[in-house]
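Enquirer: My questions all concern the structure below.
The values are calculated or read from the model by the stated rules, or taken from the named source; none is laboratory data. Every value quoted in this text rests on a predicted model; they were computed, and no experiment measured them. Neighbour counts are summed over all protein chains in view; Cβ atoms, including those assigned to glycine, are modelled from backbone coordinates with ideal geometry. Side chains are part of the model used for accessible areas, which takes the heavy atoms of the whole protein and leaves out ligands, DNA and RNA. Shrake-Rupley method; radii C 1.70, N 1.55, O 1.52, S 1.80 Å.
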Amino acid sequence: QVQLVESGGGLVQAGDSLRLSCVASSGTAITMAWFRQHPGKVRELVAAISWVDDNTRYGDSVKGRFTISKNNSKNTVSLQIDSLRPEDTAVYYCAAAQNYLASDPAAYAYWGQGTQVTVSS
């Protein structure tokens with residue numbers, strides 16, 4: 001069982017930067033990822049990072065402004081978001097999986113409670 005706790009969300013203005021963090025209770029996952037969910041929409045992959053090497057994967061809609069990173073010794077994964085846009089407003093979830101860099105939310109067995117990011121124009 002892996003417990004995930006996110007932090008760092010909030011209300012920001014367009015153009016600002018934000019850093020989300022997620023602490024895992026253990027380091028047994030193969031992949032850690034960030035997903036986001038807009039109201040009424042399906043959850044989509046933002047970025048994933050392998051816990052066993054340094055490979056990453058980004059969702060097609062977010063390439064360029066999002067950077068995922070990890071700290072293996074602290075069981076922490078972070079998501080840096082630059083040049084925030086109103087369309088980035090969503091609930092952001094941290095997730096962990098035994099699958100390597102999976103993009104399907106169904107592949108992730110463990111989820112955090114989510115953190116709201118709201119970007120005002």
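Enquirer: Among the residues of region 19-52, count how many are closer than 22 Å to residue 74 by Cβ and either buried (at least 18 other Cβ atoms within 10 Å of the Cβ) or among the small types (Gly, Ala, Ser) (or both).
Expert: 19
Enquirer: In addition: Considering region 105-121 alone, what residues qualify as being assigned to a loop (DSSP other than H, G, I, E, B), under 13 Å from the mean Cα position of the chain (by Cα) and loosely packed, with under 15 Cβ neighbours inside 10 Å?
Expert: 113
Enquirer: Return the residues of region 42-56 that are of a type outside the set (A, V, I, L, M, F, W, C) and within 14 Å of residue 103 (Cα to Cα); say none if nothing qualifies.
Expert: Once the filter is applied, which keeps residues that are of a type outside the set (A, V, I, L, M, F, W, C) and within 14 Å of residue 103 (Cα to Cα), region 42-56 yields 43, 44, 50, 55, 56.
Enquirer: Hey, another quick one. Give me the pairs: first residue in region 67-86 and at positive phi, second residue in a strand (DSSP E or B), beta-carbon distance under 6 Å, and six or more apart or on different chains, which are they?
Expert: 75/24
Enquirer: Shifting gears a bit: Just to be sure I understand, how many residues within region 82-104 are open to solvent by 40 Å² or more (accessible area, probe 1.4 Å) and closer than 19 Å to residue 25 by Cα?
Expert: Counting residues in region 82-104 that are open to solvent by 40 Å² or more (accessible area, probe 1.4 Å) and closer than 19 Å to residue 25 by Cα gives 2.
Enquirer: Could I ask something else about it? Write out, first by first residue and then by second, each pair whose Cβ atoms fall under 9 Å of each other, whose residues are 6+ apart or on separate chains, and whose first residue, in region 93-116, is under 20 Å from residue 23 (Cβ atoms) while the second is part of a strand (DSSP E or B) and open to solvent by 80 Å² or more (accessible area, probe 1.4 Å).
Expert: Filtered contacts from region 93-116: 94/5; 112/5; 113/5; 116/11.
Enquirer: Quickly run through region 53-76 and pick out the residues that are of a type in the set (Val, Ile, Thr) and either open to solvent by 30 Å² or more (accessible area, probe 1.4 Å) or more than 10 Å from the chain's Cα centre (by Cα) (or both). Steps first, answer last, please.
Expert: Step one: filter region 53-76 for residues of a type in the set (Val, Ile, Thr), giving 56, 62, 67-68, 76.
If the condition is that a residue be of a type in the set (Val, Ile, Thr) and either open to solvent by 30 Å² or more (accessible area, probe 1.4 Å) or more than 10 Å from the chain's Cα centre (by Cα) (or both), then 56, 62, 67, 76 are the ones that fit.
Enquirer: Hey, can you tell me all the residues within region 22-51 that are touching a Leu at 6+ places or on another chain (Cβ under 6 Å), farther than 12 Å from residue 91 by Cβ and of a type outside the set (Gly, Ala, Ser)?
Expert: Selection gives 22, 31.
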